[in-house]
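Taking it in order: structure first as structure tokens, then the write-up.
The values are calculated or read from the model by the stated rules, or taken from the named source; none is laboratory data. Keep in mind that what you see is a predicted model, and the values were worked out from it rather than measured. Note that we place each Cβ from the backbone using ideal geometry, even for glycine, and neighbour counts take in every protein chain shown.
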Amino acid sequence: MSSTVAGLLAAARRGHPWRGWSFRAGWGSRETLNVMLVEPELVAEVGVDVARDTSGRWRHPARLHRARPDLSTADVPRLTAPPR
């Protein structure tokens with residue numbers, strides 16, 4: 001499925017908000033991931049565990065169910081704050 005999703009993504013343009021950030025493989029890991037930034041334009045359905053840490057982040061990885069190229073980001077309500 002990742003190759004299908006890759007074809008739906010657009011490379012990041014100048015001014016991407018995460019340019020210059022580094023990302024780790026997991027909590028407590030020193031391994032830095034090689035990341036290709038993309039524009040946040042693809043809508044996807046994901047499954048997540050409801051468990052969150054004290055910062056409000058999900059404790060387990062989100063799982064991709066399917067890409068939704070039939071929707072635009074304007075069709076999806078914004079998540080403004082994690083539920084408490």
Hits in region 1-21 - residues which are aliphatic (A, V, I, L, M) and in contact (Cβ under 8 Å) with a residue 24 or more places away in the chain: M1, V5, L8, L9, A10, A11, A12
Unique residue being out of contact with any Asp or Glu (no Cβ under 8 Å at 6 or more places or on another chain) and under 23 Å from L8 (Cα atoms) when the list is V50, V38: V38
Which numbered condition W58 misses (of (1) in contact with a Phe, Trp or Tyr (Cβ under 8 Å, 6 or more places away or on another chain); (2) surrounded by 10 or more Cβ atoms within 10 Å (Cβ to Cβ)): (1)
Counted residues, region 34-52 - those being at pLDDT below 85 and surrounded by 10 or more Cβ atoms within 10 Å (Cβ to Cβ): 3
L71 being within 13 Å of the chain's Cα centre (by Cα) and assigned to a loop (DSSP other than H, G, I, E, B): no
Residue within region 1-15 that is modelled with pLDDT under 85 and assigned to a loop (DSSP other than H, G, I, E, B) present: yes
When residues of region 22-62 are limited to those that are of a type in the set (F, W, Y) and free of Cβ contacts under 8 Å to residues at least 12 places away in the same chain, the one nearest to T73 (Cα to Cα): W58
Hey, R24 out of contact with any helix residue (DSSP H, G or I) (no Cβ under 8 Å at 6 or more places or on another chain), surrounded by 10 or more Cβ atoms within 10 Å (Cβ to Cβ), of a type in the set (K, R) and at pLDDT below 85 or not: yes
